[in-house]
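Q: Here it is: the structure, laid out below.
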Amino acid sequence: MPKYTFTCCSCSKSSQRYVSKSTDNVVCDECFARADRQMPSLASAKTTETVDKLLNRKHLADHSLVLKERKLDYYWEIEVPKMVDSGTYSLETMLEQGWVFYNEKGELTTRTRPPQKS
């Protein structure tokens, strides 16, 4: 059986017990009122894993930037060509969004990289 933390509704006493996972509340030892099961606090857990030992990048410092770049690359490489090929959007909308552009030869081209990287 798992160990859960329960907090009393009336006296605010906290206690830990081994109970079934379906148990949401128990009786308080002090005042015999209802004590509700608390959710675990994971905010204090920190990851100090080194992701790239060669460049000494830490997981916490650089991970959000890596995820942002991945999402941006995925959007432009996969989603934008799908939207352009769908025929749902007008040419004006696609030009305004930067999904398509006219190259030097005057041909309409789908952009597969973010405009900032081109």
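Just so you know, all these numbers are worked out from the coordinates, no wet-lab data involved. Fair warning: this is a prediction, and the values are worked out from it, not measured in the lab. Cβ placement follows ideal geometry from the backbone for every residue including glycine, while neighbour counts extend to all protein chains displayed.
Q: Can you give me the distance in nm between label points at Phe101 and Lys53, each placed 7 Å from the Cα along the Cα-to-Cβ direction?
A: For Phe101 paired with Lys53, the spin-label model returns 4.2 nm.
Q: Mind sorting Phe101, Phe6 by how few other Cβ atoms lie within 10 Å of their own Cβ, fewest first? Intermediate values should be presented prior to the final figure.
A: Working: Phe101 14, Phe6 22.
Starting with the residue having the fewest Cβ neighbours, the order is Phe101, Phe6.
Q: For region 57-110, compute the orientation-averaged projected area of the C-alpha convex hull (one quarter of its surface), in nm². Each step should come with its number before you reach the end.
A: On the way: hull surface 20.7 nm².
Over all viewing directions, region 57-110 projects a mean Cα-hull area of 5.2 nm².
Q: Sticking with this one: Checking the cross-link filter: which aspartates and glutamates have an alpha carbon closer than 15 Å to that of Lys68, excluding same-chain neighbours under 8 positions apart?
A: Here the aspartates and glutamates satisfying the reach criterion relative to Lys68 are Glu77.
Q: Quickly work out the Val66-to-Ser10 label distance, labels modelled 7 Å from Cα along the C-beta direction, and quote it in nm with one decimal.
A: The answer from the label model is 5.3 nm.
Q: Given labels modelled 7 Å from the Cα in the Cβ direction, how far is it in nm from Asp85 to Met39?
A: 4.1 nm
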